[in-house]
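> Handing you this structure, nothing more for now.
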Number of protein chains: 2
Amino acid sequence: MAQAKNADLRNLDGVAKRAGVSTATVSRVLNNQNVVKNSTRARVLKAAEELKYHPNLHARSLARGKSRTLGILVSNMENPFFFDIYRALESAAHARGYEVVVANTDYSSEQLVSSVRLMIGWRVAGLAAIVSEMDSHLMQVLTDSKIPIVFYDVGTPQKNITNVRVDYRKGMKKIVEYLHSLGHTRMAFLGHHSTLGPISERRKTFLETVARLAPNAEAQIVAAADGLEGGRQAARELLSSGFQPTAILCVNDFMAVGVLRHLRDQGIRVPDDVSVTGFDNIRLAEFCSPALTTVHIPRERIGQTIFGNLVPDKASDRLIGQEILVDPELVVRESTGVARQTQAIESRQRSASGLPV
Amino acid sequence: MAQAKNADLRNLDGVAKRAGVSTATVSRVLNNQNVVKNSTRARVLKAAEELKYHPNLHARSLARGKSRTLGILVSNMENPFFFDIYRALESAAHARGYEVVVANTDYSSEQLVSSVRLMIGWRVAGLAAIVSEMDSHLMQVLTDSKIPIVFYDVGTPQKNITNVRVDYRKGMKKIVEYLHSLGHTRMAFLGHHSTLGPISERRKTFLETVARLAPNAEAQIVAAADGLEGGRQAARELLSSGFQPTAILCVNDFMAVGVLRHLRDQGIRVPDDVSVTGFDNIRLAEFCSPALTTVHIPRERIGQTIFGNLVPDKASDRLIGQEILVDPELVVRESTGVARQTQAIESRQRSASGLPV
DNA sequence: CTTGCGTATGCAAGCGATTACATTTAACTA
DNA sequence: TAGTTAAATGTAATCGCTTGCATACGCAAG
């Protein structure tokens, strides 16, 4: 009955009382300030230990008015490419004493909205947006929030926005040139059916490059959802469209693995009958079968760059409002080969369905 | 100079002043309490909107003394199996108005320790531990913290601990029986080199089942790290050990994909020369080549079960201190076949290395 | 024995919300 | 019109921590 209030002593007060000091001193000990006498420090630590005390981080953030927590928004954490960026960013953050909270939006703009609300509510020290479903309204909300923010490959490039992105044009050019050198003339591009900037830019680059290199080559576009299943579905659509590609270019490796699956189910051999390429060079690209020819994108560097721009190091290398380009590199593996001149796919499909070849 | 303090008006006070009400009223509006007159509510909302106000969630948690945030600890988010559990848990949580923060420990106990510290510091409403590196000390810290906690397949089963786990014995039995029915006599098991409970139990079950079914069959154990690379490395070790398996059983699908890669590199055909099985039935198991024979584990249900036990619904179905078993089911795909009687692997290796067959 | 000064600690005012309780306003009832 | 009651709002304490400022301590110099 003595201690009416504060039944739970696992707070600064409890520790302070037990150690016979004031809360201020306890706080100073816990924050490693060197102003506390060693004997006091020891008593405080002992008391904290005995009470199994853990500081309340909400109270701390509130009192400090700032946190060392970074937020990450990701469209699809299941895609190893995004996961790798997240991991690199996180480890860079940890190395500098920052925590990280991540929200997976699953390509849903509703989820994105509520995640953004959360991040702002948590007053994160910075925000990395690796999402494709960002609209201008949300962008406004974010800039209004005054939270430092770095985008990865954002759709609508605006002024005063830091944007780390890959030079997709260059990567796409390398792939198309490579396929062209192998004699491919009918190529299909499988990508998200998004109307957003970068995606449509990729489509355009594909079409332009094909047109430039081989004026009388044919090019086809297929819209697809991200992921293994999305790739498989897109491949299905492509094949039933009547277009007979000699090469299929996928917007990313993850999707390409789905494409490979469908081709295999149809008895179509890669790269003998058709070549397939990905983009990103995720680990899986090396492990799937056939191993994917793709374009390497340095996720590690991207993650580090994002962090570096969120939490400026020497106050020097922060590049607000800039676009930071990352160069991709071609990686040739097993899924590409010289173009077959005959209509390989059609004949495979015929024989698979029992029709006369 | 008029407003000395509170320069930033984006807090309850700011909104209150602007709407001409008290902070209490603003708070009531924001928490959807129906006690506020409509006209006032409208004024408050307008003020909040104009100020672009977002409640400070730290202050809220602090004041409320409890949160609707759940913590998840995961050893390896890169493994799609864990990712799926996380996703299921998260969507169950969202459906009931809970938020989720996830910490990826990367199998490092240091990271686990600091993640646990974080979760306790955040006073999460509950904690899901999907980690294999949990030691008894940390377990103590967690129980001391009074945070409701549910483990997934924890190593050291203790009293008073809720543990959702898969009936691995049953799954393992199904696989071994199936392989046995195909005539396999030399089987190798590739699993983490952990001394923890569930893993060693799996090993034991494997050995026992093999011994029971085919007394004169041979069994081999290989330690491996998780992941694609871990699987590949384990396969390498296995093959160079001299043991000539007719079947390779992997502790999970993710690792199995790595195994497939190495076998392919060595010119060993699956399932003609050797059969390979996984465990988990991740989506990739269907998409890799050959598609994996595996055991399906219902991640969705696991996620939901974990959530249900963290946040009891009707105060009824919470099973504290219990073990909740989930039944696995065999899924036969392309990576298994009847056992070859000749020493297939050895001859492939010879021919691959240019030696006389 | 003061004075002075660095060092170690305590006091108390925030941080931005929630909420029990008090108070005012509005709406009926008699 | 006064009386009773419910509805709407305000007051102020509180959550657990940080931190500027004040205070107390100890010890060397004057």
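> If we hang a label 7 Å off Cα along the beta carbon direction at A:Asp265, how far is it from the matching labels on the other copies, in nm, shortest first?
3.0
> What does the charge count around B:Pro80 come to, taking other residues whose C-beta lies under 11 Å from its C-beta (Lys +1, Arg +1, Asp -1, Glu -1)?
Overall, the nearby charge balance is -2.
> Please turn the phi angles of the stretch B:256-265 into ³J(HN,Hα) values with the Karplus equation 6.51 cos²θ - 1.76 cosθ + 1.60 (θ = phi - 60°), one per residue in order, whole Hz, x for glycine and proline.
4, 5, x, 5, 4, 4, 5, 4, 4, 4
> For peptide A:55-64, what's the mean number of Cβ atoms from other chains within 10 Å of each residue's Cβ?
The per-residue average across the peptide is 6.
> Can you flag which of A:Lys146/A:Lys173; B:Lys66/B:Lys170; A:Lys17/B:Lys146; A:Lys52/B:Lys52; A:Lys52/B:Lys170; B:Lys146/B:Lys170 are past 30 Å Cα-Cα? Spell out each step's value before the answer.
Working: A:Lys146/A:Lys173 38 Å; B:Lys66/B:Lys170 40 Å; A:Lys17/B:Lys146 22 Å; A:Lys52/B:Lys52 40 Å; A:Lys52/B:Lys170 40 Å; B:Lys146/B:Lys170 34 Å.
Exceeds cut-off: A:Lys146/A:Lys173; B:Lys66/B:Lys170; A:Lys52/B:Lys52; A:Lys52/B:Lys170; B:Lys146/B:Lys170.
> Sticking with this one: Could you tally the net charge around B:Glu300, taking each other residue with its Cβ under 12 Å from the Cβ of B:Glu300, Lys/Arg +1 and Asp/Glu -1?
Summing Lys and Arg as +1 and Asp and Glu as -1 gives +1.
> First measure r as the distance between the Cβ atoms of A:Glu208 and A:Arg269, then evaluate 1/(1 + (r/R0)^6) with R0 = 51 Å and state the FRET efficiency to the nearest 0.05.
Efficiency at R0 = 51 Å is approximately 0.95.
> Quick one: with all protein chains in place, what share of the accessible area of chain A is carbon or sulfur, to the nearest percent (1.4 Å probe)?
Working: 7870 of 15680 Å².
That fraction is 50 percent.
> Please state the shape class of the protein assembly as shown: rounded when a/c is under 1.5, otherwise prolate if a/b exceeds b/c and oblate if not, all from the C-alpha gyration tensor.
Judged from the Cα gyration tensor, the protein assembly as shown comes out oblate (a/c at least 1.5, b/c at or above a/b).
> Also, quick follow-up: How do the peptides A:213-224, B:293-304, B:18-29 rank, highest first, by the average count of neighbouring beta carbon atoms within 10 Å per residue?
B:293-304, B:18-29, A:213-224
> In degrees from 0 to 90, rounded to the nearest 10, what is the angle of the helix B:38-51 Cα long axis to the longest principal axis of chain B?
The helix B:38-51 is inclined about 70 degrees to chain B.
> If R0 is 41 Å, what FRET efficiency do you get for B:Lys146 and B:Glu237 from their C-beta distance, rounded to 0.05?
0.40
> Then there is this: How much mean residue ellipticity at 222 nm does chain A get from its helices, if each DSSP H run of length 4 or more adds -39500 (n - 2.57) and you divide by all residues, to the nearest 500 deg cm²/dmol?
Details: 14 runs with 159 residues, N = 357.
Helix contribution divided over all residues of chain A: -13500 deg cm²/dmol.
> Using a basic spin-label model with each label point 7 Å from the Cα along Cα→Cβ, how many nm lie between B:Ala95 and B:Arg301?
For B:Ala95 paired with B:Arg301, the spin-label model returns 1.5 nm.
> Also: Quick one: what are the phi-derived ³J(HN,Hα) couplings along the stretch B:128-133, Karplus 6.51/-1.76/1.60 with θ = phi - 60°, whole Hz, x for glycine and proline?
Values per residue, Gly and Pro as x: 9, 10, 10, 9, 9, 9 Hz.
> Put the label 7 Å from Cα along Cα→Cβ for B:Glu329; what are its distances to the other copies, in nanometres, shortest first?
4.6
> May I pose another question? Take every residue in peptide B:98-104, count the Cβ atoms of other chains within 10 Å of its Cβ, and give the average of those counts.
On the way: counts 0, 7, 4, 7, 6, 5, 6.
What the average comes to for B:98-104 is 5.
> Ok, one more. Under 14 Å from the Cβ of A:Ala188, count the other residues' Cβ atoms, weight Lys and Arg +1, Asp and Glu -1, and hand me the total.
Here the count lands on +1.
> Provide the buried accessible surface between chains A and B in square angstrom, both chains summed, 1.4 Å probe, rounded to the nearest 100.
4700 Å²
> Quick one: compute the contact order of chain B, relative version, from alpha carbon pairs under 8 angstrom and 6+ residues apart, as a percent.
After rounding, I find 16 percent.
> Placing unit charges on C-beta atoms (Lys and Arg positive, Asp and Glu negative, everything else neutral), compute the dipole magnitude of the stretch A:12-55 about its Cα centre in debye, rounded to 20. Walk me through the numbers on the way to the answer.
Numbers: 8 positive and 3 negative charges, 25 e Å.
The calculation lands at about 120 debye.
> Calculated FRET efficiency, B:Leu325 and B:Asn216, Cβ-Cβ r, R0 35 Å, to nearest 0.05?
On the way: r = 32 Å, r/R0 = 0.92.
That gives a FRET efficiency of 0.60.
The values are calculated or read from the model by the stated rules, or taken from the named source; none is laboratory data. These figures come from a predicted structure and were not determined experimentally. Backbone-built Cβ (ideal geometry, glycine too); neighbour counts: all protein chains shown. The protein model used for the area step is the full one, side chains on, heavy atoms only, and it has no ligands, DNA or RNA in it. Shrake-Rupley method; radii C 1.70, N 1.55, O 1.52, S 1.80 Å.
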